[in-house]
Each structure stands twice: as structure tokens, then as C-alpha cells.
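K.L.:
Quick one: this structure, given as C-alpha cells, is what I'll be asking you about.
The values are calculated or read from the model by the stated rules, or taken from the named source; none is laboratory data. None of the values given here were measured: they were computed from a predicted structure. Backbone-built Cβ (ideal geometry, glycine too); neighbour counts: all protein chains shown. Ligands, DNA and RNA are excluded from the accessible area calculation, which covers all protein heavy atoms including side chains. Shrake-Rupley method; radii C 1.70, N 1.55, O 1.52, S 1.80 Å.
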Amino acid sequence: MKIVVGLGNPGSQYAKTRHNIGWMVLDRIADRAGWDGKGRTKDASSIVGGRYRGLDITLVKPLTYMNESGLAVRKVLAREHAPLVDLLVVVDDFGLPFGKLRFREGGGPGGHNGLASVIDELGTEKFSRLRVGIGPPDRHFIDHVLTGFEPDEKQRLDELLDAAADAVETWARVGTNKAANQHNPYELRPADADRIAPAGEVDGPPGPDGVRRTRTGWRRVRPSEPAE
């Protein structure tokens, strides 16, 4: 049984923030597997799992706040009698460019409170993690990780979540080193220039797909609306 833990914060106010991208990756896997909405609450976590594409996987979202994530991870590992080699922690990383993936087998927390809690509770750094780049802060890092994604990032977020979900599946099949060789070089495509309004302009012309930027994000133009 492979155990994949996505770090995040509970509560609707955090659901779309950068700090919760670990949860978003697990949600993408659960959606692929047909497990959406089937999770149960146990050991301070939301847990779902089963057989998926020939793999036995348990997806774990700690319901503690980020800085106490290790409590939930320790409880799940103890209940499942799982060795550390079968654990992967998916976590946001503002030290990586938005869209970059980085597998690592062991290492320190890198300033991440959730990873620090997991290391403290397990008493070791020797577990695998998949860091998902959320981009460097242009403000205090706490403000940065607890904000939502910019429009150009939202445009590509689905692709990033798919890539990260693919990376998790690779890890479950072949382990950390081979998954790193395959997915660490991954580069998320640049944002579509024709969908980014210049100099912060909003409500500009839509792109070829009929989507235009508004003050609240991206919106598809209705047939009755002018295209220009």
C-alpha cells in the first residue's frame, strides 16, 4: 500500500490558496480514480483509497492545520503499519518557479512548517516528498502562500495538477529516483500571451477560445456579448 499525503489547511477560506496545492493534487487523483466524495474522516485526516490502475493507494489530507500536519501523518502510518519507503508527501514550494516539480528523497523542511511538523513527529527526514512550485513571493512569504493564484497561473493550473498527479502515479509504480528522473525536468508551458491583458488591463478582447480577463479572473464571452 502506497500512502500519499497532501499538505494543506482545512476550511473553505484556504481551499484555493497556494499553500493547499498538495490537497489539489490529491483531489485530482481522487477524481481520476472515481473516489471524489468518498473520503472518510479518521486519524485527524480525510482519507480515501483503493485499487487504481493496478496500484493500491491511500490518499491522506491532514485536517490539522499546516503546522501540525505531522500528527496526522504519524497516526496514519501507525494504523497502516506502513514503512517510510511507502510514504510520499506532496507539498507546495515557493522556492521553485510556478509549475516546477521536484522529487526528493529525504532532506530538511526548507522553511515549510508542514514538512517541519512531519519530520518532528516521525523523528526522521528520510521520507520522499514531491515539491510543487508555487513561485517566489513578491511580498512576505506568509501572505504569498495564503493567497490565490494569479490569472496567468490559473490559466495553467489544471495542466500542473495533471502533471503532478502523473508524477505521483509514477512514484507509486517505480519509486522516487526513477520518478525524479522522469518528472523533475518537467516544464509547464508559458501562459498564452493573447490571454494576458497588457499592463494589468481587464475586460479586454477575448482570446481565440472566447475567454477574456475580468477583475475576478477569466470569463467566457456569451454569444450576445461583443467580441471587441
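K.L.:
Can you find, within the stretch 1-16, the residue that is modelled with the highest pLDDT among those that are over 14 Å from the mean Cα position of the chain (by Cα), of a type outside the set (Gly, Ala, Ser) and open to solvent by 40 Å² or more (accessible area, probe 1.4 Å)?
P.N.:
2
K.L.:
Considering (1) at pLDDT below 95; (2) more than 20 Å from residue 161 (Cα to Cα); (3) open to solvent by less than 40 Å² (accessible area, probe 1.4 Å), say which one residue 19 fails and leave the rest.
P.N.:
Among (1) at pLDDT below 95; (2) more than 20 Å from residue 161 (Cα to Cα); (3) open to solvent by less than 40 Å² (accessible area, probe 1.4 Å), residue 19 violates only (2).
K.L.:
Got at least one residue in the stretch 133-140 being over 23 Å from residue 58 (Cα atoms) and modelled with pLDDT of 95 or more?
P.N.:
yes
K.L.:
Out of the residues in the stretch 115-132 that are basic (Lys, Arg) and closer than 9 Å to residue 103 by Cα, state the one that is most open to solvent (accessible area, probe 1.4 Å).
P.N.:
This residue is 131.
K.L.:
Given the condition open to solvent by 50 Å² or more (accessible area, probe 1.4 Å), modelled with pLDDT under 70 and touching a strand residue (DSSP E or B) at 6+ places or on another chain (Cβ under 9 Å), answer yes or no: does some residue in the stretch 175-198 qualify?
P.N.:
Looking only at the stretch 175-198, we keep the residues that are open to solvent by 50 Å² or more (accessible area, probe 1.4 Å), and these are 177-178, 181-182, 185-187, 189-190, 192-194, 196, 198.
Now narrow it down to the ones that are modelled with pLDDT under 70: 194, 196, 198.
Now restrict to residues that are touching a strand residue (DSSP E or B) at 6+ places or on another chain (Cβ under 9 Å): 196.
Looking for residues that are open to solvent by 50 Å² or more (accessible area, probe 1.4 Å), modelled with pLDDT under 70 and touching a strand residue (DSSP E or B) at 6+ places or on another chain (Cβ under 9 Å), one finds at least one in the stretch 175-198, hence yes.
K.L.:
Same structure, new question: Can residue 145 be described as of a type in the set (A, V, I, L, M, F, W, C), within 20 Å of residue 66 (Cβ to Cβ) and modelled with pLDDT of 95 or more? Steps first, answer last, please.
P.N.:
Working: of a type in the set (A, V, I, L, M, F, W, C): yes; within 20 Å of residue 66 (Cβ to Cβ): yes; modelled with pLDDT of 95 or more: no.
The answer is no for residue 145.
K.L.:
Tally up the residues in the stretch 72-99 that are surrounded by fewer than 18 Cβ atoms within 10 Å (Cβ to Cβ) and of a type in the set (A, V, I, L, M), please.
P.N.:
Here the count works out to 5.
K.L.:
Related question: Condition first: among the basic types (Lys, Arg) and either in a strand (DSSP E or B) or more than 18 Å from residue 172 (Cβ to Cβ) (or both). Now tell me which residues in the stretch 1-45 satisfy that.
P.N.:
2, 16, 18, 38, 40, 42, listed by residue number.
K.L.:
I've got another one for you. Tally the residues that are open to solvent by 70 Å² or more (accessible area, probe 1.4 Å) and touching a strand residue (DSSP E or B) at 6+ places or on another chain (Cβ under 8 Å), restricting the search to the stretch 28-50.
P.N.:
Initial filter on the stretch 28-50 (open to solvent by 70 Å² or more (accessible area, probe 1.4 Å)): 31-32, 36-38, 40-42.
Add one more test, that the residue is touching a strand residue (DSSP E or B) at 6+ places or on another chain (Cβ under 8 Å), and what stays is 32, 38, 40-41.
Final tally of qualifying residues: 4.
K.L.:
Separate question: Does residue 8 meet the test of being in contact (Cβ under 8 Å) with a residue 24 or more places away in the chain and within 16 Å of residue 146 (Cα to Cα)?
P.N.:
Details: in contact (Cβ under 8 Å) with a residue 24 or more places away in the chain: yes; within 16 Å of residue 146 (Cα to Cα): yes.
So residue 8 fits the description; yes.
K.L.:
Of 105, 68, which residue is in contact with a Ser or Thr (Cβ under 7 Å, 6 or more places away or on another chain), open to solvent by 60 Å² or more (accessible area, probe 1.4 Å) and within 25 Å of residue 13 (Cβ to Cβ)?
P.N.:
None of the others qualify; the one that does is 68.
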